[in-house]
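What follows is a short report on a single structure.
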Amino acid sequence: MSEESTTRYRIGYALAPKKVKSFIQPSLLNLTKERGIDLFPVQTTKPLTDQFPFDCIIHKSPDPEWRNQLEQLIHQNPNVVVIDLPEEIERLHNRVTMLQAVDQLEISNGFSVGVPKQVSVENPQSPIDCGLSFPVIAKPLVANGSAGSHQMSLVFNEEGLRGLKLRQPFVLQEFVNHGGVIFKVYVAGRHVQCVKRRSLPDISVEKLGVSENSVSFSQISNVTAEDRSGDGVEKLIEAAELPPSGFVTEVASQLREALKLNLFNFDMIRDSSVEGRHLVIDINYFPGYAKMPCYETILTDFFLDVVQKKPDVISKDC
């Protein structure tokens, strides 16, 4: 009998109820149990020390008291692995700081990666002279997973900008034509998977001149029916070529190191105007992994990497 099946590990998860419902599926519980891992819910309102032992804790909870508990645990129990550190996660709650790590990447395989031009703005009436070209996407600066943080607008002109009713302050990010397809790259430690999803359609100069002032949406994939209806969407996505796996893995690995995070995904587009140019437009902590094909296997492999202390797993002391 293998070591994986005879040695048992205990992983605690502290997640919001909605995340528990989507992530802690019977299929995941069955596979982790089969491979020697027992997943236990952590009660964020009770002392962590009363719920020991844990080999590892994963978490995504907005409760400030939970963060205090976690920081005390890290200080008092250095042998417990926490995925990931609260202060590192915090940078992803701001749409400016979340993308700063992309500028640190040094991709060496003939492709390039960057971020669209963007600027933070206090309110729609603020003077804006930032060198951005319309259209732009207006996003709340705070990206904490709340409903308000997902309220975005595609803005076609200055009048549309003045009419915004977004939570303030916000970020203006220059829209880049990208073939109507977005690549969602899921990262779980050294395990990486890239999938294709529909996105906002390209905007021609002709369309820009006759469009309404702005269009509101909650996700990049939420677009108007007339733009993205019927079989054309599916054919477009099917025909889109995924970025080379080596390139995706290199970007994911360098981002993981720069962010000092293990559980995240990033949204990436292919710039239609520059050959080989890709842009990261968003990074999310502990995303909806259950939407990823075979997520149970990937997350179980990651858990085993952590509890068996594989050398390429980022430690909490990094």
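Every number here is computed from the coordinates shown, using simple stated rules; none is lab data. For clarity, every value in this text was computed on a predicted model and none was experimentally measured. Virtual Cβ from ideal backbone geometry, glycine too; neighbours counted across all protein chains shown.
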- Query: Any idea how far apart residue 18 and residue 43 come out in nm if each label point goes 7 Å out from Cα toward Cβ?
  - Reply: 2.5
- Query: Taking +1 at the Cβ of each Lys and Arg and -1 at the Cβ of each Asp and Glu, which of 251, 100, 145 sits farthest along the dipole of the chain towards its positive end, judged by Cα position relative to the Cα centre?
  - Reply: 145
- Message: Along the charge dipole of the chain, pointing to its positive end and built from +1/-1 on Cβ of Lys, Arg, Asp and Glu, which listed residue (289, 186, 154) has its Cα farthest out?
- Response: 289
- Zero-based 10 Å bins, Cα pair distances in segment 1-118, whole percents: 11, 33, 28, 22, 7, 0
- For the chain, what is the mean residue ellipticity at 222 nm derived from helices alone (per DSSP H run of n ≥ 4: -39500 (n - 2.57); sum divided by total residues; nearest 500 deg cm²/dmol)? -8000 deg cm²/dmol
- Task: Run the quick spin-label model on residue 205 and residue 234: label points 7 Å from Cα toward the beta carbon, then report their separation in nm to one decimal.
- Result: 3.7
- Task: Take the alpha-carbon centre of segment 1-71, take the same for segment 260-314, and report the distance between them in whole Å.
- Result: 20
- Query: Based on the Cβ-Cβ distance of residue 34 and residue 197, what FRET efficiency does E = 1/(1 + (r/R0)^6) give at R0 = 25 Å, to the nearest 0.05?
  - Reply: 0.25
- Take the eigenvalues of the Cα gyration tensor for the chain, scale each by 5, and report the square roots as semi-axes in whole Å, largest first. 37, 22, 18
- Message: With angles folded into 0 to 90 degrees, how steeply does helix 64-76 sit against the dominant principal axis of the chain? Use alpha carbons for both and round to 10.
- Response: 50
- Neighbours of residue 105 by Cβ distance under 10 Å: Lys/Arg at +1, Asp/Glu at -1, summed charge -4
- Would you mind checking the tilt of helix 245-259 against the longest principal axis of the Cα atoms of the chain, expressed as 0 to 90 degrees and rounded to 10? 70
- If you put +1 on each Lys and Arg Cβ and -1 on each Asp and Glu Cβ, how big is the dipole of the chain around its Cα centre, in Debye rounded to 20? 700
- Only Lys, Arg, Asp and Glu count, each charged at its Cβ (+1, +1, -1, -1), so figure out the dipole size of segment 2-75 about its Cα centre, rounded to 20 debye. 320
- Message: Against the empirical 2.2 N^0.38 Å scaling, what ratio does the C-alpha Rg of segment 33-95 come to?
- Response: 1.18
- Please find the FRET efficiency linking residue 27 to residue 108, where r is the Cβ-Cβ separation and R0 is fixed at 51 Å, and quote it to the nearest 0.05. 0.85
- Message: Can you compute 3J(HN,Hα) from phi for each residue in segment 83-100, using the Karplus curve 6.51 cos²θ - 1.76 cosθ + 1.60 with θ = phi - 60°, rounded to whole Hz and x for Gly and Pro?
- Response: 10, 10, 5, x, 5, 6, 5, 4, 5, 7, 8, 10, 6, 8, 5, 4, 9, 4
- Query: Taking all pairs of different Cα atoms in segment 73-191, averaging 1/r and flipping that mean, what Kirkwood radius in angstroms comes out?
  - Reply: 16.8
- Gaussian network model of the chain, springs between alpha carbon atoms under 10 Å - residue of 75, 59, 93 with greatest fluctuation: 75
